[in-house]
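Let me begin by presenting the structure, written as C-alpha cells, before commenting on it.
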Amino acid sequence: MQNVTLKVEGMSCNHCVKAVEGALEEIGAAGKVNLAEKTVQVEYDESKLSLDSIKEAIEEQGYDIA
Ligand SMILES: [Cu+2]
C-alpha cells in the first residue's frame with residue numbers, strides 16, 4: 001500500500017469532501033480530506049493504481065492539485 005498526501009485547491013465544504021472521497025473510492029483508493037489544511041490523504045495499491053490516475057480522479061471533480 002502506498003500513502004500519499006496531496007494539496008488540493010478549491011475544496012470548501014462538505015460537498016467537496018464527499019465528491020473527492022467518493023471519486024477516489026470509485027477507482028479503488030481510500031481518500032481522507034482535511035478541509036482545514038486543504039489536503040487529501042490517499043491510500044492506494046500501487047500495483048493497481050498510479051498516482052496520475054488518482055490526481056485525474058480528483059481533477060475530474062473540478063479541483064486542482066497544487
Ligand atoms: Cu464544496
**Q.** Glu37 versus Lys7: modelled label distance in nm, points set 7 Å from Cα along the beta carbon direction
**A.** 1.3 nm
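Measuring with a 1.4 Å probe in the full set of protein chains, what accessible area per residue, in whole Å², belongs to region 2-65? Write down the numbers at each step before the final one.
Values: 3890 Å² over 64 residues.
Counting only protein heavy atoms, the per-residue value for region 2-65 is 61 Å².
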Q) If the cut-off is 18 Å between C-alpha atoms, which lysines fall inside it for Lys18, apart from same-chain ones fewer than 8 positions away? A) Lys7, Lys32, Lys38, Lys55
(Q) Give me the percent relative contact order of region 2-65, please, defined on Cα pairs under 8 angstrom at least 6 residues apart. (A) 43 percent
Q) Can you pull out the GluC sites (Glu not before Pro) in region 1-65 that DSSP calls coil and that have at most 15 other Cβ atoms within 10 Å? A) Glu37, Glu46, Glu60
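If you keep only loop residues by DSSP, which trypsin sites (Lys or Arg not before Pro) in region 23-56 have at most 13 other Cβ atoms within 10 Å of their Cβ?
On the way: sites: Lys32, Lys38, Lys48, Lys55; in loops: Lys38, Lys48.
For trypsin sites (Lys or Arg not before Pro) across region 23-56 that sit outside H, G, I, E and B with at most 13 neighbouring Cβ atoms in 10 Å, the list reads Lys48.
The values are calculated or read from the model by the stated rules, or taken from the named source; none is laboratory data. Since the model is a prediction, treat every value here as computed from it, not as a measurement. Backbone-built Cβ (ideal geometry, glycine too); neighbour counts: all protein chains shown. For the accessible areas, the whole protein counts, side chains as well, though only heavy atoms, and no ligand, DNA or RNA atoms are used. Shrake-Rupley method; radii C 1.70, N 1.55, O 1.52, S 1.80 Å.
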